[in-house]
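The values are calculated or read from the model by the stated rules, or taken from the named source; none is laboratory data. The structure presented is a predicted model; accordingly, all values stated were derived computationally and were not measured. Glycine also receives a Cβ, built like all others from the backbone with ideal geometry; neighbour counts cover every protein chain displayed.
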Amino acid sequence: MLPEGFSMPARIRFSPGRAAVLLIAAAAVTTISPAKPATGAAPVPGPPAPPPAVPPAALLPAEAIPGRPAARDVFDVATALSTVDRGDGCDDVVHGRLLRSGTGQGFQTAVPGGQLSELVARTPHPPDLAAWTAQAHRCGQVTVDDQDLPTVSTTTVTPAPAVPGAQTLSYQQVLTLPGQQAELPGLRLRTVAVAAGDVLVLLRDAGTTGLDLDTLAVAAWQHAAPRLGR
């Protein structure tokens, strides 16, 4: 959601005859360079200190993921840069840009039928998952440019798992090409997130994984939260 577009990402190719590559970003971070003060002006305060680092141990252990997943592609959120949607917010929803700044760890791994990604982050600007859910409702069907390729995103908000003391979010997307024949399946993406205080845990699966992402997201939160003081 790795440069330009912090991606828990995947470049996923459509089947033959649909020659297109979609960049799927599960979360994204924006950093803004501080302005330089004019000569003789008072110094401009530096950016606030980043949140404490997130240890890799906060991520789900490999054995907790069903299906004997392949080797993980691990990434550090602090090294990922991206932009934030300046329009109506639907681009952020489509690309899963829940994170604007912070520190964290993430991984993506192939599982039977598709791919699973997880992000665990601490952020000084926690996302409002209730507002995000409302925005996802408003972005039910939109066309976005992904690598300059028009792509239709159909978003359905689904019931989120209940986690005491935390906000939760769950939605599913299907990505297709404009005018794509109805009998051709699109690319399915599911996102589940849990947030409380400055901690965000997000899971996303792509494809036909058949994973119980709600249960896995709750397990991810229960694993990460005590390691981050929640």
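One table, with the values for the structure above:
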{"quantity": "Residue among L200, L189 that alone is of a type outside the set (G, A, S), under 30 Å from A49 (Cβ atoms) and either modelled with pLDDT under 95 or under 14 Å from the mean Cα position of the chain (by Cα) (or both)", "calculated": "L200"}
{"quantity": "Any hit, segment 150-168, residues being surrounded by 17 or more Cβ atoms within 10 Å (Cβ to Cβ), of a type in the set (S, T, Y), touching an Asp or Glu at 6+ places or on another chain (Cβ under 7 Å) and closer than 27 Å to A57 by Cα", "calculated": "no"}
{"quantity": "Criterion violated by A57 - all others in (1) closer than 21 Å to R190 by Cα; (2) among the small types (G, A, S); (3) surrounded by fewer than 16 Cβ atoms within 10 Å (Cβ to Cβ); (4) at pLDDT 85 or above satisfied", "calculated": "(1)"}
{"quantity": "Residue satisfying all of: in segment 63-99; basic (K, R) and closer than 16 Å to D205 by Cβ; modelled with the lowest pLDDT among these", "calculated": "R68"}
{"quantity": "Checklist (1) surrounded by 11 or more Cβ atoms within 10 Å (Cβ to Cβ); (2) at pLDDT below 85; (3) in contact with a strand residue (DSSP E or B) (Cβ under 9 Å, 6 or more places away or on another chain) applied to G106, failing item", "calculated": "(2)"}
{"quantity": "Pairs, first closer than 18 Å to L116 by Cα and hydrophobic (A, V, I, L, M, F, W, C) in segment 48-69, second at pLDDT below 85 and surrounded by 12 or more Cβ atoms within 10 Å (Cβ to Cβ), C-beta under 9 Å, six or more apart", "calculated": "A62/P69"}
{"quantity": "Top-ranked residue of segment 99-118 - restricted to ones that are touching a helix residue (DSSP H, G or I) at 6+ places or on another chain (Cβ under 7 Å) and part of a strand (DSSP E or B), ranked as farthest from P185 (Cα to Cα)", "calculated": "T103"}
{"quantity": "Residue that is in contact with a helix residue (DSSP H, G or I) (Cβ under 9 Å, 6 or more places away or on another chain), surrounded by 19 or more Cβ atoms within 10 Å (Cβ to Cβ) and either of a type in the set (A, V, I, L, M, F, W, C) or outside any helix (DSSP H, G or I) (or both), where the choices are R190, R230", "calculated": "R190"}
{"quantity": "Residue in segment 124-137 that is touching a helix residue (DSSP H, G or I) at 6+ places or on another chain (Cβ under 6 Å), of a type in the set (S, T, N, Q), on the phi < 0 side of the Ramachandran plot and not in a strand (DSSP E or B) present", "calculated": "yes"}
{"quantity": "Residue list for segment 194-224, filter: small (G, A, S), in a strand (DSSP E or B) and touching a Gly at 6+ places or on another chain (Cβ under 9 Å)", "calculated": "A196, A206, G207"}
{"quantity": "One residue from T143, T151, T155, T176 being under 17 Å from V192 (Cβ atoms), over 14 Å from the mean Cα position of the chain (by Cα) and among the polar types (S, T, N, Q)", "calculated": "T155"}
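This table checks each residue for (1) among the charged types (D, E, K, R); (2) modelled with pLDDT of 95 or more; (3) farther than 23 Å from L213 by Cβ; (4) assigned to a loop (DSSP other than H, G, I, E, B).
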site: T143; (1), (2), (3), (4): no, no, yes, no
site: P150; (1), (2), (3), (4): no, no, yes, no
site: T154; (1), (2), (3), (4): no, no, no, no
site: G165; (1), (2), (3), (4): no, no, no, yes
site: T168; (1), (2), (3), (4): no, yes, no, no
site: Y171; (1), (2), (3), (4): no, yes, no, no
site: E183; (1), (2), (3), (4): yes, no, yes, yes
